[in-house]
Amino acid sequence: MPNRVTINLNILTLDRLFGGDLARYVDQARAIEDAGIDGIVMPDHVVFGDDATYPFGAWTVAPSDSWPEPMAVLAAVAGATRRVDLVTNVLIAPLRSAVLLAKQVATLYGLSGGRFQLGVGTGWQEQEYVASGQSFAARGDMLFDQMRACRALWLERPATFRSEHVNFEKIWCSPGLPGSAEHSPLKLWFGFAPSAANARYFAEFDAGWSCIKPDPGFIAEGRARLEGLLRDRYGITKRLRVRAAPAIHFDASGAVSIDRTIDHLHESIEAGVTDFDVPLMFYVKEADRLPEFLNKLGSINRTVAE
């Protein structure tokens with residue numbers, strides 16, 4: 001394992017530990033920062049259908065459970081912290097208009113002193129799109145147009161953009177982002193399957209890949225596939241940044257073990273993971289166990305690995 005890896009904490013369900021008190025996302029953010037963890041991550045669902053079926057494995061969150069809006073949570077966390085990165089992984093961007101998303105991102109980037117990172121995806125639940133008045137079938141093309149429109153809104157004064165799904169002419173979106181169309185300091189992540197159809201996003205933007213599966217074999221294969229598509233179809237040679245949850249490991253009794261998981265991080269690093277998003281929900285079920293857990297995560301980057 002290298003001397004330092006990026007360790008972020010996915011804080012969804014943190015309020016469960018404190019009787020559903022949403023304010024704990026803010027005060028516990030200070031404890032996360034103090035522990036030495038690199039970033040705080042929030043996923044996204046706007047609504048759930050009563051019969052929603054998760055397509056990527058065992059589901060650990062009920063439709064009735066709390067899903068705070070991630071941009072609002074991270075804005076509050078930005079004011080309570082000074083160092084940690086603030087990440088959406090991933091925001092279901094097509095459920096929001098391009099102009100509103102551009103304004104939210106630029107505002108949060110500025111409020112946090114540049115600590116915000118935008119991870120986006122299209123989601124998997126058709127009910128959310130129906131309830132939001134958006135096309136589930138067109139969600140991929142919608143997101144592609146949306147992100148190109150956001151780039152124009154962030155970096156052009158005034159901005160003009162025309163596409164199938166987003167159109168505007170000579171409008172101003174302030175605040176914007178620093179940088180240029182060729183380079184913006186905002187870190188982008190795309191949460192997609194590593195398919196030929198999705199390679200266009202990585203060709204268009206300097207973005208990292210957010211992998212939904214923690215399996216090191218899947219990660220290594222998917223990264224290699226995307227990098228090969230970029231090289232062969234677009235003439236782009238680069239090593240993708242990859243964020244993923246660490247593969248979960250268990251102790252001798254069969255219980256989920258953060259110690260065993262940490263011991264096996266090298267397997268994911270060898271597969272290409274550069275940024276780990278550790279899901280709180282799998283490891284901490286009681287509030288009094290939280291401080292020890294945070295200290296273990298923070299200690300990963302306070303210890304020189306062998």
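Considering (1) under 30 Å from residue 19 (Cα atoms); (2) in a helix (DSSP H, G or I); (3) touching a residue at least 40 places away in the same chain (Cβ under 8 Å); (4) among the β-branched types (Val, Ile, Thr), the lone condition that residue 269 does not fulfil carries the number (1).
Take residue 30 and decide whether it is charged (D, E, K, R) and over 23 Å from residue 118 (Cα atoms). Judged against the criteria, residue 30 is not a match. Considering segment 96-130, the residues that are closer than 19 Å to residue 54 by Cβ and out of contact with any helix residue (DSSP H, G or I) (no Cβ under 9 Å at 6 or more places or on another chain) include one that is modelled with the highest pLDDT, namely 119.
Regarding residue 90, is this residue of a type in the set (A, V, I, L, M, F, W, C), under 26 Å from residue 157 (Cβ atoms) and part of a strand (DSSP E or B)?
Values: of a type in the set (A, V, I, L, M, F, W, C): yes; under 26 Å from residue 157 (Cβ atoms): no; part of a strand (DSSP E or B): yes.
Considered against the rule, which asks whether it is of a type in the set (A, V, I, L, M, F, W, C), under 26 Å from residue 157 (Cβ atoms) and part of a strand (DSSP E or B), residue 90 comes out as no.
Any residue that is outside any helix (DSSP H, G or I), hydrophobic (A, V, I, L, M, F, W, C), modelled with pLDDT under 95 and surrounded by fewer than 18 Cβ atoms within 10 Å (Cβ to Cβ) - is there at least one of those in segment 226-243? Within segment 226-243 (the criterion being outside any helix (DSSP H, G or I), hydrophobic (A, V, I, L, M, F, W, C), modelled with pLDDT under 95 and surrounded by fewer than 18 Cβ atoms within 10 Å (Cβ to Cβ)), the answer is no, since none of the residues qualifies.
The set of residues in segment 33-72 being within 17 Å of residue 125 (Cα to Cα), in contact with a strand residue (DSSP E or B) (Cβ under 6 Å, 6 or more places away or on another chain) and hydrophobic (A, V, I, L, M, F, W, C) is empty.
Residue-by-condition table, conditions (1) polar (S, T, N, Q); (2) closer than 26 Å to residue 158 by Cα; (3) in contact with a Pro (Cβ under 7 Å, 6 or more places away or on another chain); (4) touching a residue at least 12 places away in the same chain (Cβ under 8 Å):
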{"position": "63", "(1), (2), (3), (4)": "no, no, no, yes"}
{"position": "73", "(1), (2), (3), (4)": "no, no, no, yes"}
{"position": "76", "(1), (2), (3), (4)": "no, no, no, yes"}
{"position": "79", "(1), (2), (3), (4)": "no, no, no, yes"}
{"position": "98", "(1), (2), (3), (4)": "no, yes, no, yes"}
{"position": "101", "(1), (2), (3), (4)": "no, yes, no, yes"}
{"position": "104", "(1), (2), (3), (4)": "yes, yes, no, yes"}
{"position": "111", "(1), (2), (3), (4)": "no, yes, no, yes"}
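Here is the figure for segment 32-56: residues that are surrounded by 14 or more Cβ atoms within 10 Å (Cβ to Cβ) and either of a type outside the set (Gly, Ala, Ser) or part of a helix (DSSP H, G or I) (or both) total 14. Of all the criteria given as (1) surrounded by fewer than 17 Cβ atoms within 10 Å (Cβ to Cβ); (2) at pLDDT 95 or above; (3) farther than 28 Å from residue 265 by Cβ, the one not satisfied by residue 71 is (1). Candidates in segment 150-209 are the residues that are in contact with a helix residue (DSSP H, G or I) (Cβ under 8 Å, 6 or more places away or on another chain) and among the acidic types (Asp, Glu); of these, the one that is nearest to residue 96 (Cα to Cα) is 164. The sole residue among 265, 230 that is within 26 Å of residue 143 (Cα to Cα), over 17 Å from the mean Cα position of the chain (by Cα) and of a type in the set (A, V, I, L, M) is 230.
Checking segment 46-56 against the condition returns no match, with no residue being free of Cβ contacts under 8 Å to residues at least 60 places away in the same chain and under 19 Å from the mean Cα position of the chain (by Cα).
The values are calculated or read from the model by the stated rules, or taken from the named source; none is laboratory data. Please read all numbers here as calculations on a predicted model, not as lab measurements. Please note: Cβ atoms are built from the backbone with ideal geometry, for glycine as well, and neighbour counts cover all protein chains shown.
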